[in-house]
Structures are given as C-alpha cells and as structure tokens.
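Asker: Let me give you the structure first, and then I'll get to my questions.
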Ligand SMILES: Nc1nc2c(ncn2[C@@H]2O[C@H](COP(=O)(O)OP(=O)(O)OP(=O)(O)O)[C@@H](O)[C@H]2O)c(=O)[nH]1
Ligand SMILES: [Mg+2]
C-alpha cells in the first residue's frame with residue numbers, strides 16, 4: 001500500500017524546500033519560478049512515540065515505522081487549467097495523490113520573486129482553488145454530456161446520478177469544492193469519487209511564514225473554510241532538518257514543526273496505525289479507518305487475510321502500563337477478537353491464522 005501526499009502551490013513559494021526538509025533528499029531549490037519541472041518523489045517515516053516505548057519494553061532488535069510518500073509537484077499559475085505555465089501535465093500529477101499540502105507564501109523577502117508581484121496569501125489560496133475548480137468543471141461538464149445520453153434510456157439510477165452531477169456543477173461554479181459538496185450531500189460520494197476530481201482531494205494548508213506565525217486573517221479565513229493548516233517556516237525546517245532535539249536546544253532553536261505536519265497529513269489520509277511487537281521487532285502498520293481485523297492481517301501477509309482465525313488485541317498504553325504481555329494477561333487486559341472486529345488506532349495485535 002502506498003499513500004501519496006502532493007505538495008502544491010504557486011511557483012517559488014518553498015515547495016521543494018519543504019520536500020527536501022521532509023525527505024532529506026537533494027532536489028533543485030532555486031530563486032526562480034518553475035525551478036521544479038519533473039516531480040520529486042520521496043518516502044517519509046511517520047513519527048510515532050508508541051514505537052519507541054514498545055521497542056524499549058520488549059527489547060526489540062528492530063523498529064520499523066510506517067511511511068507515507070510525498071510528491072513535490074511543479075508550481076501552478078493562473079490559467080493552468082487552460083494550459084498556462086506547466087498547466088495540464090502537473091494537474092494530472094495532482095490527480096494521483098490522496099491528499100494535498102498547499103504551500104502558501106506568507107513570508108516577506110524582496111529577494112525572492114513572487115509570480116504575482118505582491119505578498120497576498122488569501123489571493124494565492126484563491127488562485128490555486130480556482131484553477132482546481134475550473135479543471136473540475138471541465139470534467140463534470142463532459143460527464144454531464146455523457147449522462148444526458150444515458151438518461152434517455154429511462155434508467156432510474158442514471159437519472160439520480162444526473163441530478164447529482166447538475167448540483168455539483170452549480171456548486172463548483174459557485175466556488176464550492178467537490179470535497180465540501182460531498183460533506184454536504186450525503187450519498188453523493190459514489191458518483192463523485194468516480195470522477196477523480198482535483199477539488200475532492202483534502203487540503204492541508206502550509207503557511208510558510210516568519211517565526212511560525214501566520215497573519216491572523218489568513219488563519220481565520222482557513223478556519224472559516226473548515227480546513228486545516230500548519231504555520232511554519234519552510235526554510236528553518238530545511239535548515240534544522242538534520243539536527244537532533246538536543247542539538248537544536250544547544251543552538252537555541254525552537255522545536256520544529258515537521259513532525260506535526262507529517263502526523264496531520266497521515267490523519268488526513270484517513271489512516272490509522274496498529275502495531276506488532278516482540279523481541280525481533282516492533283513495527284507500525286497502516287490501515288484505513290474502519291478496516292476489520294482480517295484486513296489488518298492481510299497487510300502483514302496476504303495469506304493471513306484468508307486464513308484469519310482470530311486477533312489477540314490490547315491497546316498499546318495498557319500494555320506498556322502493565323509492563324509486559326504476561327502481566328497484561330494476568331490482569332485480564334488482553335482480548336480475543338473475531339473477524340468483525342474494527343481495528344483501533346494504537347492496537348497491539350497478534351494474528352492467529354490457520
Ligand atoms: N526568505 C525565505 N525564503 C524561502 C523560504 N522558503 C523558501 N525560500 C526560498 O524561495 C526560493 C524558492 O524555493 P523553492 O523551494 O525552490 O520553491 P518552489 O515552490 O519549489 O518553486 P518552483 O519549483 O519553482 O515552483 C528559494 O530561493 C528558497 O530558498 C522562506 O521560508 N523564507
Ligand atoms: Mg520546486
């Protein structure tokens with residue numbers, strides 16, 4: 001399973017710098033628009049204190065975190081939906097990701113060129129959103145054209161879908177994202193997710209600002225949109241990415257915010273973590289929220305899903321508090337769950353299989 005998060009935004013706002021800070025990969029970073037043309041792809045560990053605690057308790061030889069993939073995409077400009085800038089090529093790259101980090105320039109620096117000349121985060125957010133919406137409108141119009149033919153066959157289902165498409169079209173025209181539309185219109189997901197719309201992808205705004213402090217009105221605006229943000233300084237994150245917490249303390253630097261960003265991105269993907277532990281290894285595994293025990297078993301090994309018998313389960317903090325499996329067992333904290341069990345974030349699981 002690979003879950004991909006795309007880094008999106010206007011040119012020259014710090015996307016590749018953020019990517020490099022996250023992945024510690026060397027990529028092209030330069031003070032001119034469209035420095036990035038080919039996308040950069042990198043894997044990032046999801047920080048998880050539970051792994052360390054369990055590793056310590058079981059003296060595990062290996063500790064294996066779960067990962068997500070980040071993709072640094074070329075900058076987008078006004079008119080991208082019509083092919084301006086690098087236009088359509090990178091829009092296709094956005095379509096492949098499961099969540100978007102939108103880097104928004106809030107920092108002032110007259111040495112760093114801005115494609116729109118001035119620093120105006122709210123305008124920049126709107127430019128990006130508009131481009132995604134316009135591209136989606138194109139997609140929806142084409143789909144409506146096709147649906148008009150289908151409804152002539154008097155198919156009830158086709159008619160219902162057609163109605164949803166019309167409502168969606170008018171919502172997009174009024175500046176409502178497909179993501180919002182799905183939230184507001186229960187049952188519309190089936191029709192809309194099929195269309196793979198750009199604005200149906202959840203967005204986390206990365207406010208790239210001095211001293212991790214974003215302008216109040218920008219924060220307020222994003223909150224009023226019902227969206228999430230992290231305020232940080234991309235350049236500082238990049239510069240301190242290689243330092244340990246102790247080294248940063250010595251340098252008098254503040255704790256960085258990348259771990260928070262990675263965790264939020266992970267949550268946005270609708271993912272949760274379950275754990276396996278023992279003297280060989282302590283490991284984090286990724287499943288989707290709502291997955292049942294056999295699905296979790298299948299992530300460990302495809303065979304385990306079909307041959308699933310039961311899962312032995314305990315929440316990680318109960319296990320740590322008890323001080324070991326035998327102790328937890330003696331206290332009656334360990335449960336046996338069947339194939340209908342919905343796995344919870346932080347479950348430590350042992351799969352019994354045939
Ligand atoms: N002052 C300041 N400069 C920054 C900050 N973040 C990035 N920069 C600079 O801005 C320039 C562009 O950074 P990139 O990371 O290449 O920007 P990008 O968004 O990937 O740009 P494109 O690939 O052209 O779309 C570089 O010179 C960075 O050093 C910041 O937080 N403060
Ligand atoms: Mg770049």
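Asker: Can you give the Kirkwood hydrodynamic radius of the stretch 4-260 from its Cα pairs, in Å with one decimal? Before the final figure, lay out each step's value.
Answerer: Details: mean 1/r = 0.0497 Å⁻¹.
So the Kirkwood estimate lands at 20.1 Å.
Asker: Under a GNM of the chain (C-alpha, springs under 10 Å), which listed residue has the highest mean-square fluctuation: 266, 240, 205?
Answerer: Among 266, 240, 205, the largest GNM mean-square fluctuation belongs to 240.
Asker: Then there is this: In nm², what is the average projected area of the convex hull enclosing the Cα atoms of the stretch 99-223? Present the calculation step by step, with values, prior to reporting the outcome.
Answerer: Numbers: hull surface 35.0 nm².
Taking a quarter of the hull surface, the average projection is 8.7 nm².
Asker: Which whole-number percent of Cα pairs in the stretch 290-353 have a distance greater than 18 Å?
Answerer: Working: 679 of 2016 pairs.
For the stretch 290-353, the share of Cα pairs beyond 18 Å comes to 34 percent.
Asker: Determine Rg/Rh for the stretch 176-304; Rg is computed over alpha-carbon atoms and Rh is the Kirkwood hydrodynamic estimate from the same atoms. Mind dumping the intermediate values first?
Answerer: Values: Rg = 19.4 Å, Rh = 18.2 Å.
Rounded to two decimals, Rg over Rh is 1.07.
Bear in mind that the values in this text are calculations on the coordinates, not laboratory data. All of these numbers come straight from a predicted model, not from anything done at the bench.
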